[in-house]
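Below is one structure, written out as structure tokens, with a few remarks after it.
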Amino acid sequence: MKDRSLLMIPGPIEFEPEVLQALGAPTASHVAPNFIDAFGRCLENMRDVWLAPEGQPFIVAGSGTLAMELAGANLIEPGDRALVVSTGVFGDRYEDLLTRHGADVTVLRAPIGQIVELNAVEEALKSGEYKVLTVTHVDTSTAVRMPLREIGALAQRYGVLSIVDGVCSVAGEEIRQGEWGLDVVLTASQKAIGVPPGLALLVASPRAMEAFASRSTTVRSYYADWDKWLPIMRAYEARKPSYFGTPAVNLVAALDVSLRQILAEGMSERFVRHQRLASAFRAAIEALRMGFVATDPKDRANTLTACRYPDGVVASDLLPAIKKAGVIVAGGLHPEIKTEYFRVGHMGAVRLGDVLATVGAIESGLRHAGYSFEAGIGVATVMKSLADQKV
Ligand code: PMP
């Protein structure tokens, strides 16, 4: 049988054929006119995808962690105070990263499966001590989504720069960077942006760029320094050749295709599609009598779901059986509850057929693991949920 499976992990995801074709095209020179044009268009289109008309986009070869580092290294000077709002593993990663860059870090850590309450964030900001706040929009280890618009408003009210780790949310969950007053929104190519791994992407607000310009110390990282990259981004946008470090030419060509596809769908339509499919998927999981890591329904992400194993079902029985049915899902990630749940990504080019195939494969896996339920109830619930949805 042909070895063909559906990749439903929270990144890398399934990519559109046109994106993969662009990736496989002959590599252009990084100063060829057609490549300069593609790079410039990517920067322009990022403003529309991020909904940040005034923002400064950056495209740098690297993974999402580099995007986190670009924001941290350029906005933190040794001794600056930073507030990390953590809802899982990736929030904790920011604590480590900012500390490495000399920040004095305070962490507000949510109990696993919960958000950090907004009044706790406000209490901390009231002290007036912080320069920077970081928040993980959707923490991929818990599938908990933080209320971002409110965080943006709080950061604005207390004059603190907000850095949003949107690796598991940009181009899937609703984010309106300009309107919500968020200073840096960062992501990586392999998730809802829909391009194979290898690009660190972010958009910085004018306020963030001013804070960067008024630094009194040199950025501690050579490769991440915006002083190196800003002239390059400006040159590409002005359709002029330039060089600091060789760009990931093929990935940028693929990004050009993907951003255009995203904008052709429309941002509002895209947010609604993610919301509809995620809620149908969650309804199926509930119909199969499984729980979620995120305890409050309003905190459950639309880009991935963290599903708790039913009693008596273990990862080593369930996950290989789901794979055998043709779908790859991910195991647990949070070290404290790793063996208690699995994760399903439903972002980017995800369609109804993918959700149905995934729920069907999960049913098949559960049966193999000896769990009893009404056959087909998950798949039927997806269809029923979509029919019942008002949007
Ligand atoms: N933040 C979040 C929310 C993530 O999900 C990930 C990757 N799973 C990262 C940061 C780090 O990205 P990368 O693995 O591309 O370095």
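The values are calculated or read from the model by the stated rules, or taken from the named source; none is laboratory data. What you are looking at is a predicted structure, and each value in this text was computed from that prediction instead of being measured. Heads up, the Cβs are rebuilt from the backbone with ideal geometry, glycines too, and the neighbour counts pull from every protein chain shown. With ligands, DNA and RNA removed, areas are computed over all heavy atoms of the protein, side chains included. Shrake-Rupley method; radii C 1.70, N 1.55, O 1.52, S 1.80 Å.
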| field | Within a Gaussian network of the chain (alpha carbon springs, distance under 10 Å), most fluctuating of Gly360, Gly102, Gly113 | value | Gly102
| request: Show the residues, 5+ positions off or on another chain, whose built amide H is closer than 5 Å to the amide H of Leu304. | output: His346
| task | Quick one: what are the phi-derived ³J(HN,Hα) couplings along segment 312-319, Karplus 6.51/-1.76/1.60 with θ = phi - 60°, whole Hz, x for glycine and proline? | result | x, 9, 10, 3, 5, 8, 6, 5
| request: Give the Cα extents of segment 6-115 along the principal axes, in whole Å, largest first. | output: 47, 37, 25
| DSSP bridge orientation in the chain - percent antiparallel, rounded to nearest 5 | 50
| query | So who's got an amide H within less than 5 Å of the one on Asp225, skipping anything under 5 residues away but keeping other chains? H placed 1.01 Å off N, in plane. | reply | none
| query | Gaussian network model of the chain, Cα springs within a sub-10 Å range: biggest mean-square fluctuation belongs to which of Thr358, Thr106, Thr218? | reply | Thr218
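Do you know the relative contact order of the chain, to the nearest whole percent, from alpha carbon pairs under 8 angstrom that are 6+ apart? If you can, show how the numbers build up before the last one.
Details: 824 pairs, mean separation 92.8, N = 391.
Across the chain, relative contact order equals 24 percent.
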| task | Determine, at each q value in 0.14 (inverse angstroms), the log₁₀ of I(q)/I(0) that the Debye formula gives when each Cα of the chain is one equal point scatterer. | result | -1.19
| remark: Taking Cα atoms only, helix 377-388 is inclined relative to the longest principal axis of the chain by an angle, in degrees rounded to 10, of 60
| Dimensionless Rg over Rh [segment 41-87; C-alpha; Kirkwood] | 1.04
| Gaussian network model of the chain, Cα within-10 Å springs - most flexible of Tyr222, Tyr309, Tyr243 | Tyr222
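What's the longest uninterrupted piece of the chain once you rule out the trypsin sites (Lys or Arg not before Pro) that are loop residues per DSSP with at most 11 other Cβ within 10 Å?
On the way: sites that count: Lys2, Arg4, Lys390.
Result, exposed sites excluded: 5-389.
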| said: Using each residue's phi in segment 164-169, evaluate 6.51 cos²θ - 1.76 cosθ + 1.60 at θ = phi - 60° and report the 3J(HN,Hα) Karplus result to the nearest Hz, with x for Gly and Pro. | reply: 9, 7, x, 4, 9, 9
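Of the accessible area of the chain, with the probe set at 1.4 angstrom, what percent is carbon plus sulfur? Each step should come with its number before you reach the end.
On the way: 8230 of 15640 Å².
Here carbon and sulfur together make up 53 percent of the probe-accessible area.
Any idea what the relative contact order of segment 268-313 is, in percent, if you count C-alpha pairs under 8 Å spaced at least 6 apart?
On the way: 31 pairs, mean separation 19.1, N = 46.
Value for segment 268-313: 41 percent.
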| Scattering from the C-alpha atoms of segment 125-235 alone, worked out with Debye: what is log10 I(q)/I(0) at q = 0.12, 0.22 1/Å? | -0.46, -1.32
| Which loop-located GluC sites (Glu not before Pro) does segment 28-95 contain, where loop means any DSSP state but H, G, I, E or B and the Cβ has at most 13 other Cβ atoms within 10 Å? | Glu54
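Add +1 for every Lys or Arg and -1 for every Asp or Glu among the other residues with Cβ under 15 Å from the Cβ of Thr142, and state the total.
Numbers: positive: Arg93, Arg109, Arg145, Arg282, Lys298, Arg300, Arg308, Lys338, Arg343; negative: Asp92, Asp139, Asp165, Glu173, Asp296, Asp299, Glu336, Glu340.
Taking every Cβ under 15 Å from that of Thr142, the sum is +1.
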| message | Considering the Cα positions of segment 1-71, please state its Rg to one decimal place and its Dmax as a whole number of Å. | response | 15.7, 52
| task | Calculate, axis by axis, the spread of Cα positions in segment 296-364 along the three principal axes, and write the results as whole Å, longest axis first. | result | 31, 31, 17
| task | Over segment 277-336, consider all pairs of different Cα atoms and compute the Kirkwood hydrodynamic radius from their mean reciprocal separation; express it in Å, one decimal. | result | 12.6
| Can you give the angle from 0 to 90° between the axis of helix 249-265 and the longest principal axis of the chain, with both taken from C-alpha atoms, to the nearest 10? | 70
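In segment 88-234, what % of DSSP beta bridges are antiparallel (nearest 5)? Numbers along the way, then the final one.
Working: 7 of 15 bridges.
Taking every DSSP beta bridge with both residues in segment 88-234, the antiparallel ones total about 45 percent.
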| query | Under 5 Å between amide H atoms, partner at least 5 residues away or on a different chain: which partners does Gly331 have, H built in plane at 1.01 Å? | reply | Arg343
| query | Per residue of the chain, what 222 nm ellipticity follows from adding -39500 (n - 2.57) for every DSSP H run with n ≥ 4, rounded to the nearest 500? | reply | -13500 deg cm²/dmol
| Three principal axis extents, largest first, for the C-alpha atoms of segment 210-330, in Å? | 58, 37, 31
| query | Under the Karplus relation 6.51 cos²θ - 1.76 cosθ + 1.60, θ = phi - 60°, what is the ordered set of whole-Hz ³J(HN,Hα) values for segment 146-163, x standing for Gly and Pro? | reply | 7, x, 7, 4, 5, 5, x, 5, 5, 4, 5, 4, 9, x, 10, 6, 9, 10
| message | Rounding to the nearest 10 and keeping the result within 0 to 90°, find how far the Cα-based axis of helix 89-100 lies from the longest principal axis of the chain. | response | 20
| task | Could you tell me which of rounded, prolate or oblate describes segment 41-166, using a ≥ b ≥ c as the square roots of the eigenvalues of the alpha-carbon gyration tensor, with rounded for a/c under 1.5 and, failing that, prolate when a/b is larger than b/c and oblate otherwise? | result | rounded
